Amino acid sequence: MRFYKFMIDTTIFQDKKAVYYTLGCKLNFSETSTIGKILREAGVRTIRKGEKADICVVNTCSVTEVADKKCRQAIHRLVKQHPGAFVVVTGCYAQLKPEAVAKIDGVDVVLGAEQKQDLLRYLGDLKKNEAGEAHTSALKDIRSFVPSCSRGDRTRYFLKVQDGCDYYCTYCTIPFARGRSRNGTIASLVEQARQAAAEGGKEIVLTGVNIGDFGRSTGETFFDLVKALDEVEGIERYRISSIEPNLLTDEIIEFVARSKRFMPHFHIPLQAGSDEVLALMRRKYDTALFASKVHKIKETLPDAFIGVDVIVGTRGETDEYFDKAYNFIKGLDVTQLHVFSYSERPGTQALKIEHAVTPEVKHERSQRLLKLSDEKLQVFYGAHVGQIMPVLLERSKSDAPMHGFTPNYIRVEVEHDEALDNKVVNVKLGDLNEDATALQGILV
């Protein structure tokens, strides 16, 4: 914490109300929770239904052009819903296009990656600015690792272990928005996990931009972090949010198999299923390596859930390359696909690649992969019907069914019982519910 924070007069924040809107990844949601904690400690409370906010915080994403558009729409909507509120915009879109964001009607302050940790400093007396002010740092000056271990809207905590990326894939702007790879120390992260346990937390999701690259700034390793967190008493479950296939080592997979607390649940970005497109993307692996990782997981943990990210319609993805990718993915023993349509981003090297894919073809390819994903997920769910598995149940609206997840990330629905919130209970898994989003469960 910086010294000038102690000089801030927090009396102006007493009895003020805030609303938060987050777009994008789990890391963003974690950081929004931390921003909320900073404001709560200064005397600001979150709005209740029907109230108008004094402060609006929008944490933005910029992974695609669609994400940028959603950010602008969210800002306009909040400005209209909360007239006169002091509007703060941060996140990746704010870092990449601060001047454009500052010109949006109603925006008061735009904070970059290095500034959002000092939110209170930029709020002033909460009086609206005549024009939006942008406060960002150059890419070379984004160096701080801002800790974040916050409880989400439901049961699980999100522990930020790493930030930034050194990979510079041709299609991606995240390194320009987040800066170089950096991380907290293992000791500090273990302490945050212990605090989460003390608050009653039972599940922690490890988040970051490229978490397998953990250790760049501390000389430690991700595997060392996993082993240390596994020893924290009180935490029953850890999930690794996403890890690059070239950084998912056999020793990590084998450790999860014998771990007390790390769940049989992996999320691995593939992005393209042909070696030709992977090379155009400048990814650090080929399809053979990816397939070997999936095989290793299933050989070691047969019931493991494996989620996979795929981008369709990147520049250079011909019909031949997509067909090759589709057949490769179809043959993988994975559980679910997260499908994204390629969006051209200014300043990326991908713009130099020939053969642009039309929006119509992108849509058709997305639909094919989404259908394949549904088929794979239903097979995975169906294989577990009739089994009894432990489920960590989450809060739900009054009288609505409660939901939770098995260790291997099968979503389960049970009858509402408020006493079961944040409890691990044994559930017999039944058939799919009406909207095919979860298995119906019976407590045993």
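What the table shows:
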read-out: In segment 394-423, the residues that are modelled with pLDDT of 95 or more, of a type in the set (A, V, I, L, M, F, W, C) and assigned to a strand (DSSP E or B); value: Phe405, Val412, Val414
read-out: Given (1) touching a helix residue (DSSP H, G or I) at 6+ places or on another chain (Cβ under 8 Å); (2) farther than 30 Å from Ala67 by Cβ, index of the condition Ile388 fails; value: (1)
read-out: Unique match (being of a type in the set (Lys, Arg) and touching a residue at least 40 places away in the same chain (Cβ under 8 Å)) among Lys52, Lys26; value: Lys26
read-out: Which listed residue, of His338, His355, is loosely packed, with under 13 Cβ neighbours inside 10 Å and in contact with a Gly (Cβ under 7 Å, 6 or more places away or on another chain); value: His355
read-out: Residue within segment 70-78 that is assigned to a loop (DSSP other than H, G, I, E, B) and over 20 Å from Thr173 (Cβ atoms) present; value: no
read-out: Those residues of segment 409-426 which are surrounded by 19 or more Cβ atoms within 10 Å (Cβ to Cβ) and either assigned by TED's automatic domain parsing to the domain that holds Phe305 or under 20 Å from Ile306 (Cα atoms) (or both), in sequence order; value: Tyr409, Ile410, Val412
read-out: Only one of Leu159, Leu126, Leu119 that is in contact with a helix residue (DSSP H, G or I) (Cβ under 7 Å, 6 or more places away or on another chain) and surrounded by fewer than 19 Cβ atoms within 10 Å (Cβ to Cβ); value: Leu126
read-out: Total residues in segment 427-441, condition exposed (fewer than 12 other Cβ atoms within 10 Å of the Cβ) and part of a strand (DSSP E or B); value: 1
read-out: Number of the condition not met by Ala113 [criteria: (1) more than 25 Å from Val205 (Cα to Cα); (2) buried (at least 24 other Cβ atoms within 10 Å of the Cβ)]; value: (1)
read-out: Positions within segment 168-201 being among the charged types (D, E, K, R) and in a loop (DSSP other than H, G, I, E, B), in sequence order; value: Arg180, Glu199
read-out: Residue that is nearest to the chain's Cα centre (by Cα), among those in segment 127-153 that are under 11 Å from Lys116 (Cβ atoms) and touching a residue at least 60 places away in the same chain (Cβ under 8 Å); value: Ser148
read-out: Hits in segment 337-384 (condition: of a type in the set (Ser, Thr, Tyr) and in contact with a Phe, Trp or Tyr (Cβ under 9 Å, 6 or more places away or on another chain)); value: Tyr342, Ser343, Thr348, Ser366
read-out: Residues that are in contact with a Leu (Cβ under 8 Å, 6 or more places away or on another chain), of a type in the set (Gly, Ala, Ser) and buried (at least 18 other Cβ atoms within 10 Å of the Cβ), drawn from segment 216-263; value: Ser241
read-out: Qualifying residue in segment 191-211 (condition: among the acidic types (Asp, Glu) and touching a Phe, Trp or Tyr at 6+ places or on another chain (Cβ under 9 Å)); value: yes
read-out: Flag for Cys56 being modelled with pLDDT of 95 or more and assigned to a helix (DSSP H, G or I); value: no
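The values are calculated or read from the model by the stated rules, or taken from the named source; none is laboratory data. As the structure is a computational prediction, the values presented were derived from the model and not from experiment. As a convention, Cβ positions derive from the backbone with ideal geometry for all residues, glycine included, and neighbour counts pool all protein chains shown.
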